[in-house]
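Since the structure comes first, as structure tokens, the remarks are kept for the end.
The values are calculated or read from the model by the stated rules, or taken from the named source; none is laboratory data. Quick caveat, the model's predicted, so the values are computed rather than measured. All Cβ positions, glycine included, derive from the backbone under ideal geometry; neighbour counts span all protein chains shown.
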Amino acid sequence: MKNYLVGGAIRDQLLGLKVKERDWVVVGATPEQMLAQGFTPVGKDFPVFIHPSSGEEYALARTERKSGHGYHGFHFNASPEVTLEEDLLRRDLTVNAMAKAAGGPLVDPYGGLRDLKGRWLRHVSPAFAEDPLRVLRVARFAARYHWLGFRVADETMALMQQLSDSGEVAHLTAERVWKETEKGLSERDPQVYFQVLEQCGALQVLLPEFARLRGVPQPAAHHPEIDTLEHQYLALKQAADMDLPLPARFAVLLHDLGKGTTGPALWPKHIGHEERSAELAEQVALRLRAPNEYRELAVLVARFHTHCHRALELKASTLWKLFRALDAVRRPQRLELFIGACEADARGRLDFANRPYPQADYLRGAAAAMRALDINALRERGFNGPELGAAIDKERIALLKEYRQACQTPSP
């Protein structure tokens, strides 16, 4: 019975990066032996245990054989006779197929160190094509390590294309797609996750509403990049550079889907795309089973992002309608997420990354002015029920008018 540190911990150590979690593989052991040593079983499909002291995961060395469609279509063998090399052979990428025992040498039977130095994401064996989830995992690793120069090897991209074309990717459950996509959105270069999926054909299978933005033109004056999908990638990069929370990044991802439904005769204009985008954002979020917080914000950003861009021009009554739709009085954090997503959209255009976006502070100031209303004072004046609601609307619009006028008045 021997324990080896494996996978991401070895990879990140060799890259000089901080190791976030450590996983172990155990060779030559049975589940009974692990239980006898105080390990807690947690694996559903194959034997995985939690160490009684460190809380780290220890999995018995195993092999796997394809037995059906999708992520769960495998038969596993975790007998004590399975070798370390056999366990590493089933892993996705060579850079994840290295191991090391405490005080021992690096075990690297499949060239992981070579590919780490060459900055290649390369599959370990042809068995890679048996698991469609690996398409999303490779895209996620490409997004995570893009800043270090990593790219997907051509032969691995070919296998990913094969999985997309064969229909295997379509068998992935919504939960698995969402889990990997959420992780992809959290990476340093989230746009790369979707670019890799587009390159191998998986984007067209999993997010066709997003993929069909390719080749859809926009007015060059506002979008020098022209192509709508390129704009989406630039906006996602801006969202990451701004360190926006995940709900805002998801909203950026879905904010312009309606442009994919504009008839070519109307190009490059996209009149009314906001409402179409909101409807599609709702559908996609529900299909992916994204959290309600993500879905609600995505729909709001899709519907009102052009309001944010035109904030300096909006009438006080229109501003109040926007704030009311956002529930900005009770949910100031949602307003911040909305503003952040809209700013990423505005900056996510060719050569627009460093342009000022005064709309952000203008909306924050307007929200502060609106929240200054003393509702108790209205009650003391005798307003109640529906009359109180109408009075609140009227007074908040008045406060927004004052704010707007103050912003427009030149300083002496």
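Laid out as a table, the results:
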item: Qualifying helices (runs of 4 or more DSSP H) (wholly inside segment 194-261; at least 1 residues being buried (at least 17 other Cβ atoms within 10 Å of the Cβ) and hydroxyl-bearing (Ser, Thr, Tyr)); result: 228-241
item: Glu293 being within 23 Å of the chain's Cα centre (by Cα) and among the charged types (D, E, K, R); result: yes
item: Index of the failed condition, His273 passing every other in (1) crowded, with 20+ Cβ neighbours inside 10 Å; (2) touching a residue at least 24 places away in the same chain (Cβ under 8 Å); (3) not aliphatic (A, V, I, L, M); result: (2)
item: Selection within segment 144-183 - outside any helix (DSSP H, G or I), within 24 Å of Arg249 (Cα to Cα) and charged (D, E, K, R); result: Arg151
item: Filter pass, Glu81 being among the acidic types (Asp, Glu), loosely packed, with under 12 Cβ neighbours inside 10 Å and not in a loop (DSSP other than H, G, I, E, B); result: no
item: Residue tally, condition touching a residue at least 40 places away in the same chain (Cβ under 8 Å), assigned to a loop (DSSP other than H, G, I, E, B) and surrounded by 14 or more Cβ atoms within 10 Å (Cβ to Cβ), over segment 354-381; result: 0
item: Pairs with Cβ under 6 Å, 6+ apart, first in segment 36-56 and of a type in the set (Asp, Glu) and surrounded by 12 or more Cβ atoms within 10 Å (Cβ to Cβ), second modelled with pLDDT of 90 or more and not in a strand (DSSP E or B); result: Glu56/Arg22
item: Some residue of segment 27-46 being of a type outside the set (Phe, Trp, Tyr), part of a helix (DSSP H, G or I), over 33 Å from the mean Cα position of the chain (by Cα) and under 29 Å from Val152 (Cα atoms); result: no
item: Residue list for segment 386-397, restricted to those being exposed (fewer than 14 other Cβ atoms within 10 Å of the Cβ), more than 18 Å from Ala325 (Cα to Cα) and within 43 Å of the chain's Cα centre (by Cα); result: Pro386
item: Within segment 102-143, tally of residues that are in a strand (DSSP E or B) and either surrounded by fewer than 16 Cβ atoms within 10 Å (Cβ to Cβ) or of a type in the set (S, T, N, Q) (or both); result: 1
item: Subset of segment 144-179 (residues that are among the hydrophobic types (A, V, I, L, M, F, W, C), under 25 Å from Leu246 (Cβ atoms) and surrounded by 16 or more Cβ atoms within 10 Å (Cβ to Cβ)); result: Phe150, Val152, Met160, Val169, Leu172, Val177, Trp178
item: Selection count where residues are closer than 18 Å to Leu288 by Cβ and out of contact with any Lys or Arg (no Cβ under 6 Å at 6 or more places or on another chain), scope segment 159-176; result: 8
item: First in segment 299-326 and among the charged types (D, E, K, R), second anywhere and surrounded by 23 or more Cβ atoms within 10 Å (Cβ to Cβ), Cβ under 8 Å, 6 or more apart; result: Arg303/Ser277
item: Some residue of segment 180-191 being of a type in the set (Ser, Thr, Tyr), farther than 30 Å from Lys269 by Cβ and crowded, with 19+ Cβ neighbours inside 10 Å; result: yes
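Condition check ((1) at pLDDT 95 or above; (2) under 17 Å from Pro132 (Cα atoms); (3) hydrophobic (A, V, I, L, M, F, W, C)) across all residues:
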| residue | (1), (2), (3) |
| --- | --- |
| Tyr193 | yes, yes, no |
| Ala202 | yes, yes, yes |
| Leu206 | yes, yes, yes |
| Leu213 | yes, no, yes |
| His231 | yes, no, no |
